[in-house]
1. Based on what the data block shows, is B:Leu249 over 30 Å from B:Gly73 (Cβ atoms), within 14 Å of chain A (Cβ to nearest Cβ) and surrounded by 19 or more Cβ atoms within 10 Å (Cβ to Cβ)?
2. Could you check the range A:376-395 and list, in sequence order, the residues that are more than 8 Å from the ligand (Cβ to nearest atom) and more than 9 Å from every other protein chain (Cβ to nearest Cβ)?
3. Within the range A:90-104, which residues are without any contact (Cβ under 8 Å) to a residue 60 or more places away in the chain and not small (Gly, Ala, Ser)?
4. Among the residues that make up the range B:334-341, is at least one of them within 10 Å of another protein chain (Cβ to nearest Cβ), assigned to a helix (DSSP H, G or I) and crowded, with 22+ Cβ neighbours inside 10 Å?
5. Go through (1) modelled with pLDDT of 95 or more; (2) within 27 Å of B:Arg29 (Cβ to Cβ); (3) crowded, with 23+ Cβ neighbours inside 10 Å and name the single condition A:Leu198 misses.
6. When you look at B:Leu302, is it within 14 Å of chain A (Cβ to nearest Cβ), crowded, with 24+ Cβ neighbours inside 10 Å and among the aliphatic types (A, V, I, L, M), yes or no?
7. What's the number of the only condition in (1) in contact with an Asp or Glu (Cβ under 9 Å, 6 or more places away or on another chain); (2) assigned to a helix (DSSP H, G or I); (3) charged (D, E, K, R) that A:Arg255 fails to meet?
8. Among the candidates A:Ser388, A:Ser322, single out the residue that is among the hydroxyl-bearing types (Ser, Thr, Tyr), modelled with pLDDT of 95 or more and surrounded by fewer than 22 Cβ atoms within 10 Å (Cβ to Cβ).
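The values are calculated or read from the model by the stated rules, or taken from the named source; none is laboratory data. Small disclaimer: the values here were computed from a predicted structure and weren't measured. Ideal geometry is used to build each Cβ from the backbone, glycine not excepted, and the neighbour counts take in all protein chains shown.
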Amino acid sequence: MATAVELDRPADALEGFRAEVRAWLEANFPPALKDADNAMSAVEGPSDETPDQRKWREAMGAKGWGVPTWPKEYGGGGLTRAEAGVLNQEMARIGAWNPIGGMGVMMFGPTLLEYGTDAQKGEHIPKIAKGEIRWCQGYSEPGAGSDLASLQTFAEDKGDHYVVNGQKTWTSGGQWADKCFALVRTDKSQKHAGISFLLIDMDAEGVETKPIRLISGQSPFCETFFTNVKVPKNNLVGLEGQGWSIGTRLLQHERNSLSSGGGSSSRMNAGKQVPEIAKKYRGTDAEGRIADAELRTRIIKHEMDQRAFALTLRRAALDAKSNQGPSAATSIMKNVGARITQDRAELNIEIMGMNGLGWEGEGFSEDELTQTRSWLWGKAVSIYGGSSEIQNNVIAKRILGMLDHQ
Amino acid sequence: MAVLNDEQVMLRDMAREWADNESPVTAFRKLRDAAPAKGFDPEAWRTVGEMGWAGVVIPEEFGGSAFGYLSLGLVVEQLGRNLAVSPLASTAVAATAIAMGSSDAAKNDWLAKLASGEAVATLAIDEGPHHDMKIAATVAAGKLTGTKAFVAEGDGADAFVVAAADGLYLVARGEGATVSPRRMADSRSHAEVRFDGAPAEKLGGTDLTQAIVDRATAVACAEMLGMAETAFHQTNDYLKQRVQFGQVLSTFQALQHRMAKMFTELELMRSAVEGALEAIDAGRSDLDQSVSLAKAIASDTLKLISREMVQLHGGVGMTDEYDAGLYLKRSAVLETMWGTASYHRERFARANGY
Ligand SMILES: Cc1cc2nc3c(=O)[nH]c(=O)nc-3n(C[C@H](O)[C@H](O)[C@H](O)COP(=O)(O)OP(=O)(O)OC[C@H]3O[C@@H](n4cnc5c(N)ncnc54)[C@H](O)[C@@H]3O)c2cc1C
């Protein structure tokens, strides 16, 4: 199957670079790790690194290719988008995968590169680039989900430091994170303009996390409580009161990375594609096609959605050549990506029948059990990072210029 | 709403009251966490027996009340509203197989016990992860051999109504039957049952098998209807209470229209499900179509409502602590059981000569 990446392949001068990438991967990617990326590891939390995995992460970290387009001076790869595309293709070709990820890579890093001081960038970016530090996102609160700006967690100015009190919720990976980028209130008299963007150590005194169990059975996220947590002033990103614009910028990066849901590189996608699963579970007709014609039609519709999405991502990437970073159009991408991810999971469990709904124990293959869990987990992709409804509001208001009713 | 007689209204109200007081969703959670070997709470099953619900489809001469399938559906719907764990649906339909069957011995041995709730029975039809009527199990010299997949209530059943290639048989738990639990997302009892030369009593031919599968399908639809009701109302209530942007969510028109659509679909679902149950009671010749119509619409509608339930609850909908996930997981199992919407559209098409 042609992927977005293949469609993107330029037939030009990058061949020299390609050869270099191939040679480097050959020398550094442990072949035993081929296709070993665990689709659920983002959900299930960190597992103990094997020596091979560690070696691979350190090699990619040293090269900066885990964050290929970030500047070299901060430990990134300094590649152009086109070069990064070549790197992706070459990794996919041999079943290699990026060992460096998480919220630091997806959202916080790009935001800090834009808004941080040189000192902040120098301190945090290289550690993200090497995959040494885990970040979590302290945005949502029990009363502030879609309406994020109503957050209440308060940072009181004490001269050279803040004292933070309040509660966050849904903090993904909070129990494993080293640090948290949080939106806090520094001024109670203004809604949006009273919000600041603050970096908090998760092991600071007064920070406490309590895992929440999800419908998929895992507990990859937390309620996070801050009680008189002392945060030095130099952990403020941007200016006091500038948190809302920095925070929403970060959300664009989040949407941008989440929107890859329908593409071929997403972790949740790893594993077999729908048509293969259908042939295995539903059989083929005399011509070798999926036996059930109606199912075949629905699978093809899904496949076409996925292709159209891949083409749209590519078109958007070309549009963004001016390098303005993600825009309001990321809302479209996030929603389509979420829909495609969920459609695929629904198709897969339907195709597997009762085998696609196994929970544990005997009678189910590892693949089947993973399928059940990722189907359930995948219901979150249209909720977090700004729900589909909120994205639609963004599209209607910011792109289409429609007004609030009132 | 179907036109109910006084007995049916009483039955429905009683079942509703029992489900709400004695078997709320918290009871399901407790049972899920305790994971009893038989898959259900014997105490709850005893009261179900005392109230005569298992006997609703059993002839009076065997201790039942012979109220019929619409009545059974009303009870199962009420239990479905609260995800009540009960072998009622399985037992009742298995009892019908025995009652409709040709074996007097089976009737005498089992029907009174099933009507009173003393025994649990279930159907063992499908042999793979998908429902189809391709059946390989065979019987030779009164001994049945074959493996049945995902037998609902298989863990606690005392008797199995088993489909073989030439028709329907009754097999008691024990000799020649090996039950292996299958833990599924809905945390209910499903088992693989291997019959290896198990003594089997013939109940009827493949016509009987189909008649029983249609009944089981219609009863599953009744459970789905109850679930769809609750999932819908809980979501509606949540939207009326959750405040964001200084307003309750139910003031947003985008959400109002979604709820209005679901409500509309739910009305169609109720008609289709009740229609199938009534067709059974009336012995209508187009019973198969009524059942396929009901299952196709029930599967699509419950799918819509259970997925929306999670989505519209936002983050809390993803947590185990809220009920949305429980409805989602049971829904997916019932969407699959006895044939998906797609399977039944195909069957409906054939029945109509397409
Ligand atoms: C798995 C998971 C991981 C998460 N990880 C993190 C994390 O790491 N850090 C973090 O800070 N947060 C995280 N979140 C929180 C997430 O961002 C919020 O759940 C999300 O913003 C929705 O908020 P809410 O849950 O309060 O839902 P609500 O805002 O209460 O929304 C409920 C429903 O109403 C809809 N709705 C709300 N407002 C409107 C409107 N104006 N118009 C139309 N519909 C509307 C929503 O779309 C949703 O369907 C995570 C959530 C999940 C599920």
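1. yes
2. The answer is A:Gly378, A:Val381, A:Gln391, A:Val394, A:Ile395.
3. Within the range A:90-104, A:Arg93, A:Asn98, A:Pro99, A:Ile100 meet the criteria.
4. Within the range B:334-341, one or more residues are within 10 Å of another protein chain (Cβ to nearest Cβ), assigned to a helix (DSSP H, G or I) and crowded, with 22+ Cβ neighbours inside 10 Å.
5. Only one criterion in (1) modelled with pLDDT of 95 or more; (2) within 27 Å of B:Arg29 (Cβ to Cβ); (3) crowded, with 23+ Cβ neighbours inside 10 Å is unmet by A:Leu198, namely (2).
6. Numbers: within 14 Å of chain A (Cβ to nearest Cβ): yes; crowded, with 24+ Cβ neighbours inside 10 Å: yes; among the aliphatic types (A, V, I, L, M): yes.
It is true that B:Leu302 is within 14 Å of chain A (Cβ to nearest Cβ), crowded, with 24+ Cβ neighbours inside 10 Å and among the aliphatic types (A, V, I, L, M).
7. Checking A:Arg255 against (1) in contact with an Asp or Glu (Cβ under 9 Å, 6 or more places away or on another chain); (2) assigned to a helix (DSSP H, G or I); (3) charged (D, E, K, R), the one that fails is (1).
8. A:Ser388
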